[in-house]
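Data block below; observations after.
The values are calculated or read from the model by the stated rules, or taken from the named source; none is laboratory data. These numbers come from a predicted model, not from an experiment. Here Cβ is always computed from backbone atoms with ideal geometry, including for glycine, and neighbour counts include all displayed protein chains. The area values use the complete protein model at the heavy-atom level, side chains included, leaving out ligands, DNA and RNA. Shrake-Rupley method; radii C 1.70, N 1.55, O 1.52, S 1.80 Å.
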Amino acid sequence: MKVYLSTFLFAIASALFPLLNVEAFIAGLSAISRSSGLWSIAFVAGLGQAVGKVFWYQVGRSSMNWTYIRKKMAAPGWKARFDAVKKRTDEKPWTGFVFLFLSAVLGFPPLAITAVLAGQLRFSRLWFYLTVAVGRTLRFAAVIGGVDFIRNSGLFG
């Protein structure tokens, strides 16, 4: 239980502070453990990352009221680009969520930036959370799978 709690809390912290690398944390857990229960670690870490990224989503939502952002949005070029993206994601919401999902799985563009953008575009909070949780869980499962593959390959003894 301690492993799950520490993984969840570290995942939240790493979502808030990108210098903390949850992938390295998970890889380390996977490397030192022989337990098949580590796949549940990917799920717990995915949930923790989603909780932490909600902070960046909320920053994005509130940023539209900041003086700096309002000044930028007053410029015709910025406003036109934002309105075009907003229109596209309002008309076809799945496009924004596909982009968010790919960011969650691949890490490019960085999920913190994508989370802020999702907040600015007023994506559904529930769908934001679910998309990030599923995407990050798949990412972390791939990390665990990679470590398991290397461990079982016999390359390192």
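Quick notes on this one:
- Unit charges at the beta carbon, dipole of the chain: most positive-side option, TRP66, SER30, ASN152: TRP66
- Dipole orientation for the range 64-136: of the candidates THR95, LEU126, VAL85, VAL85 has the Cα lying most toward the positive pole (charges on Cβ; Lys, Arg +1; Asp, Glu -1).
- The range 52-142 - Kirkwood radius from inverse mean 1/r over Cα pairs (Å): 13.4 Å
- Accessible area (Å², per residue) of the chain, counting only protein heavy atoms and a probe of 1.4 Å: 59 Å²
- Of the chymotrypsin sites (Phe, Trp or Tyr not before Pro) in the range 26-98, those whose Cβ has at most 16 other Cβ within 10 Å and which sit in DSSP loop: TRP66
- In a DSSP loop and with at most 12 other Cβ atoms within 10 Å, the chymotrypsin sites (Phe, Trp or Tyr not before Pro) in the range 120-157 are PHE156.
- Volume in Å³ per residue [convex hull over Cα atoms, computed for the range 89-157]: 79 Å³
- Computed from point charges on the beta carbon alone (+1 for Lys and Arg, -1 for Asp and Glu), the dipole magnitude for the chain about its Cα centre is near 620 Debye.
- Rolling a 1.4 angstrom probe over the range 47-122 with all protein chains present gives an accessible area of which 70% lies on carbon and sulfur atoms.
- With the Kirkwood sum run over all distinct C-alpha pairs, the range 12-63 has a hydrodynamic radius of 12.0 Å.
- Taking every lysine pair in the chain that is 8 or more places apart or spans two chains, those with Cα atoms closer than 22 Å amount to 8.
- Three semi-axes of the equivalent ellipsoid, the chain, Cα gyration tensor, whole Å, largest first: 35, 15, 13
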